[in-house]
Structures are given as C-alpha cells and as structure tokens.
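Read the structure below first, then the notes.
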C-alpha cells in the first residue's frame, strides 16, 4: 500500500484530491505502484473475484471511476491504473505511432498485474487501448466495454490540435483552473453540478501540477493528433475482426468524439451492442452513473 509521505508535493496534492473523490463513493484509498521497466504506474485495486480492468482517458486519472468501483468491487476485483502522464504515474510521454505504444504499455501492464485474461472497461483513449488489445491479443480479453472511444474517426477538439502548435501548446497545457472548468462544463458533462463535481474538478486540476506534466502532455498530443485530427484510426477491416463481446456506450452530446464514431463501431464490430445515453457528453458515467453502472454490470454478468 502506498503512503502519501513517499510523494512529492504535487503528488501529495493529487493523492489528497483523489482520496476525496473516492470518499464521495464511500471508498477508502486502496492503491499501489508497479514498475513497467521505464515507467512507474500507480493503480487502484479494490474487491475480490474475477478481475475487471478500468482504463481512463486522456485526463485526470483512475479515480474518475469512483462510482463504478463502488458498485463493481462488491463482486469483482477492480483494477484502475493511472496511465503514464496522469494521476500519480510517471510523466513519460506517449510516442508515435500511438497504437504500438499503447499496445506495449497494455501488454506490460497485463503481465505485471498477472492478468492472463480480463474483462476491460475503457473510456476515450483507454477504450482505444482496449480495442487495440482486442485486435492484437484477443486471447487476453474477456468482455469489452468501450465508452466514447478514441481511434474511430479524425474528429478531435480544436483545443487539443492547437496544443501541438509550439506557442499555443505551452499556453494550453499550463495548469489553468478556468480552462479546466470550461472543458469540464462544455465537453465532459451536461450536468456540471453533480454531487462530487467540485472534488472531480480539483482532482483533474491537481493532476496538471505534476513536475514535467506540461511537457509530457504536449509531446503526447503530438503523437495522438495533428492539425488534421486523430492520427491513429482503426480501419474497417481491423474493427470487423474484433470478436470480443462488446458493449459500446456513447454520450449523445459528445463533442470530443461525436456519436457517429459510436455508430461506426456498432456497424463494424461483429459482436456489439450500442447504447446512446441522452443528456450526456464525453464522460456519460459522470452524468448518469446509475444507468451506466446498470449497463456495465448487466453486460458483465450476462452469459
């Protein structure tokens, strides 16, 4: 178990805001670190039973799943890593081409955690990493739940495309509470006043204070997007070859990756069901945690 005394000052701040967010779901902090060779990864680990791996997207960290961990950990072991550059993990930038980088990270994560085969829930870039695993290592994936996934079309928010331009990039990735709040309200959620919203926003902001975070984010965004949009997009053939039973969940008003990306996924995957969630944006489990939890548990428990 990790203790906050072992952390740098920004790390302690992240730890405190993460713990506060987890506490909003009645969870005491349970987490540790693992070394994946060249990088240190922090992860949350709750419950017992068949494992389920929760992969966050390109922001904040593992504790965004606080409402899902609360429910799933009653019957499952729930593992939620902070991907590199986020949460308490080391600031090691993503490299181009993105998919091979995500895959090597995933395989090392699976190996280090002793996961031979696991159900996976992924949001955004986390869902893209899960789809890449389903494509290249289908034997290691059980059921797959993708939420507003990256990698399905060129569309990408202008702010992130601008972040790859030298001058704008430094401005955009600097810690900025107003910018973070604006992104939260316009891109992530419809209801920005849910019960734990202030704890969530504080956590997302504190993560940007890590030493080297701005540089790592700029470098990572250059691997993910150009001014033309997302660089790594799954082909029709690749998607059609993914056989894992898949549940796709999409916020109807997602402005990061529009719902058309969800329809493309649903059209091409052979074993998929798609649920569009009304009054939700890029992170539908913040707007509608109970509905999303029911979809996830119903799908994971079905035969």
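Bear in mind that the values in this text are calculations on the coordinates, not laboratory data. Model, not experiment: these values are computed from the prediction. FYI the Cβ positions are ideal-geometry reconstructions off the backbone, even for glycines, and counts take in every protein chain you see.
In table form, for the structure just shown:
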read-out: Residue 279 versus residue 228: modelled label distance in nm, points set 7 Å from Cα along the beta carbon direction; value: 4.1
read-out: Extension reserve of the residue 297-residue 12 stretch, reckoned as 0.36 nm per residue once the Cα distance is removed; value: 99.3 nm
read-out: Cα-Cα pairs of region 1-148 separated by more than 18 Å (percent); value: 53
read-out: Cα gyration tensor shape of region 200-303, rounded if a/c is under 1.5, else prolate or oblate by comparing a/b with b/c; value: oblate
read-out: Binned Cα-Cα distance frequencies in the chain - 10 Å width, integer %; value: 6, 30, 40, 22, 2, 0
read-out: Cα-based shape type of region 246-291, given that a ≥ b ≥ c are square roots of the gyration tensor eigenvalues and the cut on a/c is 1.5; value: oblate
read-out: Beta bridge orientation in the chain: antiparallel %, DSSP, nearest 5; value: 35
read-out: Space enclosed by the convex hull of the alpha-carbon atoms of region 91-134, per residue, Å³; value: 81
read-out: Distance in nm between pseudo-label sites at residue 136 and residue 35 (7 Å out along the Cβ direction from Cα); value: 2.4
read-out: Beta bridge orientation in region 1-112: antiparallel %, DSSP, nearest 5; value: 75
read-out: Rounded if a/c under 1.5, otherwise prolate or oblate - region 189-258, Cα gyration tensor axes; value: oblate
read-out: Overall dimensions of region 1-61 as given by Cα atoms, namely Rg and Dmax in Å; value: 12.5, 36
read-out: Rounded FRET efficiency, nearest 0.05, which uses the C-beta distance separating residue 181 from residue 259 and R0 of 30 Å; value: 0.75
read-out: For region 76-148 and region 222-289, distance of Cα centres in Å; value: 16
